[in-house]
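Each value in this text was obtained by applying a stated rule to the coordinates, not by laboratory testing. As the structure is a prediction and not an experimental result, all values here were calculated from the model. Positions of Cβ are backbone-derived with ideal geometry, glycine not excepted, and every protein chain shown enters the neighbour counts.
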Amino acid sequence: MDKNTININKLPSKTWYWLHMNDTKVSWNPDIAPCKVTVEEAFEDKETNSLISGDVAEFATVESGAGREADSIFADAQTEKTVLTASDKDAKATIRLAVDGTTAASAAGACYLTAEEGTNTTIIETFTKKSAQAGSLAYRTMIQAKKDSRVRLVQVFMQDEEQTLLNDIGCVCDENAKFDILQIFIGKGDLYNGIRTDLKGTGADTQVEIGYLGQKTQKIDVNLIINHFGKKTNCEIQVDGTLKDAAEKVFRGTIDFKNGASESTGAETENVLLLGDDVINKTIPIILCAEEDVEGSHGATIGELDEETLFYFESRGIDKETAEDIMTRGKFEMLYRHIGDEQTQKLVEAQLAEVMADDREEL
């Protein structure tokens, strides 16, 4: 069947066309079936509790990072939906979702969470491929964080070489709500990753941590948009990655201070380690400002291991390739220690060892 081409990960403010960063065109098989999702719930403070079902219709106005053209992939009949509401302020809920696109050549799923006032919820999503029949997988996570709620989203991408993954996130934060994201990409296929957070309420806050390893001919395409609508809102973005061989990566990071977002702050930083002569790295940090009384900053460090670092390793009998592996592992170890879930951390450790061993065998 012919594939449909859609435009995703659009910049909110276009840049020069010759940079090829305004958006991304991706081909998707329209013959989509619901993916396989295994859901596990746990509660720290109570022995018996449960999350209740929610209503997808309430999310109609929530925008995502991939954009509206991706909506066609997530049509009702072809999407496995998990719709939940966290309503108990006394219980810290953890939701584990194991997402696997084994049901068809192209599969889709979505998680919708409403975090009611004062609740504390963690979502851990792991993406794997366990069948040779699996092809493209699309997954959308939509969140409404009500007043004084806290939502933490952990995503670990571990698909195989043959699988393309479209990951899409949309979140709206009300007054004093907090939304934290931790993403770790140690897959073998291509990743298209869209994230949008609208800080609408006074004092709303979001923290984003992203770590990635791209190697061989992988493509990693990230579009991150933080919109500051409310007063005294804050965002902090930290992205750390390693590119090897002929991997390609695009990172669009936009902090947008809307009119009325006075006394708001935002900062973003990306560090990229380049370990191949054929890697392609594109980084475009953007700050848009329609309000005077705000504070925004962005920066990026991009480059190879410096001579002083290599000399340090060589003086201890460590060759360049081993030194590069040590630095790559070190980046991820610092990140996955923030997961806060032993089960998921062990998955990350095993996946990192497998991916790096495979790459070493082909050298």
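Things to note:
- Between S262 and D55, the simple spin-label model (points 7 angstrom out along Cα→Cβ) gives 3.6 nm.
- Of A42, A66, A93, the one that fluctuates the most in a GNM where the chain has Cα springs shorter than 10 Å: A42
- Cα pair distances of the range 120-217 binned at 5 Å [whole percent]: 3, 12, 24, 20, 15, 11, 8, 5, 2, 0
- 21 Å Cα-Cα reach of K178 towards lysines, excluding residues that sit fewer than 8 places from it in its own chain: K89, K92, K146, K147, K200, K231, K232, K258
- Working from label points 7 Å from Cα in the Cα-to-Cβ sense, the Q207 to A246 distance is 4.0 nm.
- Taking all Cα-Cα distances within the range 230-273, those exceeding 15 Å account for 53%.
- Ordering G230, T121, S106 by the projection of their Cα atoms onto the charge dipole of the range 4-304, which places +1 on the Cβ of Lys and Arg and -1 on the Cβ of Asp and Glu, puts S106 at the extreme positive end.
- GNM flexibility winner over the chain from K200, K89, K147 (Cα, springs under 10 Å): K89
- The Cα atoms of the chain cover 56, 51, 46 Å along the three principal axes, with the biggest extent listed first.
- Normalised contact order of the range 4-304, rounded percent, pairs of Cα under 8 Å and 6 or more residues apart: 13 percent
- Size descriptors for the range 284-363, from the alpha-carbon set: Rg then Dmax equal 18.4, 55 Å.
- Measuring between their Cα centroids, the range 84-114 and the range 158-227 lie 16 Å from each other.
- Peptides 261-267, 22-28 ordered by average Cβ neighbours within 10 Å, highest first: 261-267, 22-28
- Choice from E308, E324, E125 showing the highest fluctuation, given a GNM over the chain with Cα pairs closer than 10 Å: E308
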